[in-house]
Amino acid sequence: MMYLPHIGLRLLTVLLATGLCLAHTSARAQTVATSQQAVRINQIMVEGNQRLEPGTVQSYLLLGPGDSYDPVRVDLSIKTLFATGLFADVTIRLENNTLIVSVVENPIINRVIFENNRALKEDKLRDEVEAQPRAIFTRARVQADVQRIVSLYRQAGHFAATVTPKVAEQPQNRVDLIFEMSEGPVTNVRRINFVGNLVYSDSELRRIIATKESRWYKFLTSNDNYDPDRLEFDREELRKYYGDKGYADFRVISSVAELTPDQKDFFITFTVDEGIKYKFGETKVESELDALDADLLKAFINIKEGSLYKNQRIDSAVDTLTFAAGASGYAFVDVRPQRTRNRETRTVDLNFVVNEGPRVYVERVEVVGNTQTLDRVIRREVQIVEGDAFNRVLLDRSRNLVRSLGFFKEVEITEKPGSKPDRAVVQIKVEEQPTGELSFGVGFSSVNSFLVDVSVTQRNFRGRGQFLRFAVSASSRQQNIDLRFTEPRFLGRNLSAGVEAFNIRSDFIREAGFRTNSLGGSVRVGFPTTANSRLFLRYTARSDKITAPEVAAIDIFGSPIFDADGNLVTTCTASLQICSQIGRRLTSLVGFTMIWDKRNDPISPTRGFNVSFDQEIAGVGGDVRYVRSSLTGDAYRGIIKNFILSAHLNAGYITAWGGKDMRINDRFFKGGLSFRGFDIAGIGPRIVEIVDDGNGGTTDFARDALGGKAFAIGSLELAFPTGLPEQYGIKGALFTEWGTLGLLDANDKIVSDEARFAVRDNLSIRGSAGVSVFWDSPFGPVRFDFSRIIRSEVYDDITKFRFSQVTRF
């Protein structure tokens, strides 16, 4: 009993002693802290810095000379210095009223070296990593780069690849950063299986997804390598496919990748639940906005009751309703489709609820990716500015306007959150493409004629959006010098202005029996009339000289004849129609072009149309009087994915006035690229020689083409994918073209010898069909036209193959 109180007494003594010691220590610490806080800093010294100036280090401190020492501010200063990423270590101490800041600077990267990278090119790796020469070396940044490189290898099929970063120290606190690769084997996809699919077979579903099974002949693609990210994309592709086939309940239960025992390949298994097939039921629109009529909005929805259920149609309906509301002045709308499945009737009822969305305003417009084009060239096409209400319709229109410039390969407009919930930052991301063109064309006709055409064009001169073209071309038919310049925003206004000077020598001796030499120039202006139309005005003055083959005139004794001035007298050997046109005349004309463009995309349209009407009136001075009118129209319609049907119409009419004759060089000549299957000036009125066919009859032998006063050419074209990998850039199109050219004046049909010659002008219909192949080659776009004539006249000039190419820079 006496033992326990004795132990308790000793324990109490120890606790009391300990408490006194702790109290003494705490009091001493408080005294030291209080004494340091009372110390005033006289000066600040920086030690350990090699590249940075002391003032740079001191600028990050929260203390300065004359301040009292504060441990809290010292701690914050240390954290601030570390946050700069410039230092590997930082300590701060106080000695004799001097604050000493000791730093260890992070080294500078001297070189970034990649070793043992055989599967990936070094350029691709450099584009991916953030570490660059002369950048600050940090371990966190290096580890992030390692993960990026590993991700690249996984996408390339090297799932077992590892990356080891190494550092080689160099003088002056510099390091060489070395990424050492261990690529490992390529992990291919040996087999793709589907479980639960009853409607569509495994082979059909394999064609839908991006991942492909490995085969020996697929050495040019990488989609047969295992990539987990691509697998997630495949899941989404399956949902889209089934969702557009009526299976509204479809889901991917799982997608499992199993490595083979030899660790070289993967087996991939998709487990799916297809569900039942639905059709569209009742479709309704509810509008919470008084000014938007629900019945009117419903008219914009192209979903018919009883048609096959497709998710794509619902998405299109949402976009259409959003666009319609935006066009009505409601920039902030929220369209939410509500689906009601009726399993008994296998229908899905839709209810689109249109409500006012949150009001958002544009805080800032950013332009990125324009390495050549000036910012203002892009911004002037954007239909909204800072402070405007966010409007999706105007953004879509702005994207089309920027794309229509033709300066960029890709144009993407995205919005990012601004500094406040009701603010948005609009980012316009562009990818520049070559805007200079060195073009040449090569063609082969039915009479083995060969032509080459060369020109140089810059459509984005000095990055200002200006158009400059200087062409010095020569071919068997034409020699051309053309200088053209256009300023798209004359005087800073939405007004284009341009000038042109040209000298064109054309040789149509074989086709039409004459040559022309045109020297002149023009000025033009253009301005928008509506959001989708534009008007161009122009004035042109040119001097045209027509010549024809001539021979020296001889007398009855066979001697050449000279005039009174001693000049040799010549005689025209061409047809009567050509000889009557010989001489020089001045043409002075005014004209306009009206363009109405309703295409959904100016570069690769899939729906919509554009119409152009052009008219010229010659006779504002000069020697020539005529009125020329022409109409061009194009319509586009996407049928299924990457299949686009287009229709094209081109028609024109020209007539003389004021008692003047229609000159041959002002008439229409068609063929070549304007009518596939026929050579240049290959159709239309023509002088023919009537020859004996050897069977008691006659046949027409083609002579000179005379051109026509009226023409009409229409075509249908179906663009389709070739099935080759997209990176090859090869596309195809089936086409058929039909048209006519003719309608000469009576005095243009007179021939010198009616028994031997005649003029054929009957406006007969010509037709052709064939296939065009377009190749976006590394040295520029190439086009091949293969044609088969369906209907023609015996005197037409036919060409079954044509090749043309443009080289861009």
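The values are calculated or read from the model by the stated rules, or taken from the named source; none is laboratory data. Predicted, not measured: the structure shown is a model, and the values here were computed from it. Every residue, glycine as well, gets a Cβ built from its backbone with ideal geometry; the counts of neighbours run over all protein chains shown. What goes into the accessible areas is simple: the full protein's heavy atoms, side chains included, and nothing from ligands, DNA or RNA. Shrake-Rupley method; radii C 1.70, N 1.55, O 1.52, S 1.80 Å.
List of remarks:
- Accessible area per residue in Å² at 1.4 Å probe, computed on the chain: 54
- Separation of alpha-carbon centers, the range 224-300 and the range 67-111, rounded to whole Å: 55
- Shown in residue order for the range 228-235 are the 3J(HN,Hα) couplings computed by the Karplus curve 6.51 cos²θ - 1.76 cosθ + 1.60 at θ = phi - 60°: x, 5, 5, 5, 5, 4, 5, 4 Hz (x for Gly and Pro).
- Against the empirical 2.2 N^0.38 Å (N residues), the range 200-339 has a Cα radius of gyration ratio of 1.43.
- The fraction of accessible area contributed by carbon and sulfur in the chain is 55 percent, rounded to a whole number (1.4 Å probe; ligands and nucleic acids excluded).
- Backbone geometry of the range 603-619 corresponds, through the Karplus equation with coefficients 6.51, -1.76 and 1.60 at θ = phi - 60°, to 3J(HN,Hα) couplings of 9, 10, x, 10, 7, x, 8, 9, 10, 10, 10, 10, 9, 10, 10, 9, x Hz, x marking Gly and Pro.
- The magnitude of the dipole of the chain, with charges of +1 and -1 set on the Cβ of Lys/Arg and Asp/Glu and taken from the Cα centre, is near 820 debye.
- Whole-number percent relative contact order across the chain, with pairs defined as alpha carbons under 8 Å at least 6 apart: 6
- Proximity of backbone amide H atoms, modeled 1.01 Å from N, is registered between ASP388 and VAL362 at under 5 Å, excluding neighbours fewer than 5 places apart on the same chain.
- In the distance distribution for the range 118-197, Cα-Cα pairs more than 21 Å apart total 39 percent.
- In this rough spin-label picture, where each label sits 7 Å from Cα along the Cβ direction, the TYR539-PHE527 distance is 1.6 nm.
- Lysines with Cα under 28 Å of LYS749, excluding same-chain neighbours fewer than 8 positions away: LYS545, LYS660, LYS670, LYS709
- Percent breakdown of C-alpha pair distances by 10 Å bin, ordered from the shortest bin, for the range 40-92: 23, 61, 17
- Converting the Cα gyration tensor eigenvalues of the chain into ellipsoid dimensions via √(5λ) gives semi-axes, longest first, of 74, 37, 30 Å.
- Rounded Å value of the spacing that divides the Cα centres of the range 368-423 and the range 619-636: 37
- For the range 351-403: span of alpha carbons on each principal axis (Å, largest first): 47, 22, 16
- Isotropically averaged projected area of the range 513-552, using the convex hull of Cα atoms (one quarter of hull area), nm²: 4.4
- Sites LYS121 and LEU62 - FRET efficiency at Förster radius 60 Å, r taken between beta-carbons, to 0.05: 0.80
- The gain in end-to-end length when the GLN132 to GLN338 segment is fully stretched comes to 69.1 nm, 0.36 nm per residue minus the alpha carbon separation.
- For the range 682-809, the Kirkwood estimate of the hydrodynamic radius, built from every pair of different alpha carbons, is 17.3 Å.
- For the range 561-632, the Rg and Dmax computed from alpha carbons only, in angstrom: 22.2, 69
- Amide H partners (placed H, <5 Å) of ASN49, local residues excluded: VAL103
- Spacing of the two label points (7 Å from each Cα toward its C-beta) at GLN479 and ASN695, in nm: 4.6
- Reduced Cα scattering model of the range 122-279, Debye log10 I(q)/I(0), q = 0.12 Å⁻¹: -0.65
- Rounded if a/c under 1.5, otherwise prolate or oblate - the range 304-443, Cα gyration tensor axes: oblate
- The lysines within cross-link reach of LYS731, meaning a Cα-to-Cα straight distance under 24 Å and a gap of 8 or more places when in the same chain, are LYS212, LYS218, LYS409, LYS641, LYS800.
- Once exposed loop GluC sites (Glu not before Pro) are cut out (DSSP; at most 14 other Cβ, 10 Å), longest piece of the chain: 387-753
- Positive-end residue, the chain charge dipole about Cα centroid, Cβ charges, pick of ASN197, ILE136, VAL611: ILE136
- Each residue of the range 282-331 gets 73 Å³ once the volume of the Cα convex hull is shared out per residue.
- Antiparallel bridges, percent of DSSP beta bridges restricted to the chain (to nearest 5): 90
- Under 5 Å between amide hydrogens, built in the peptide plane, is the criterion, and for VAL620 it picks out SER588, VAL590 among residues at least 5 positions away or on other chains.
- Whole-number Å³ per residue for the convex hull built on Cα positions in the range 356-435: 80
- The range 594-697: C-alpha gyration tensor shape, a/c 1.5 cut-off, then a/b vs b/c: oblate
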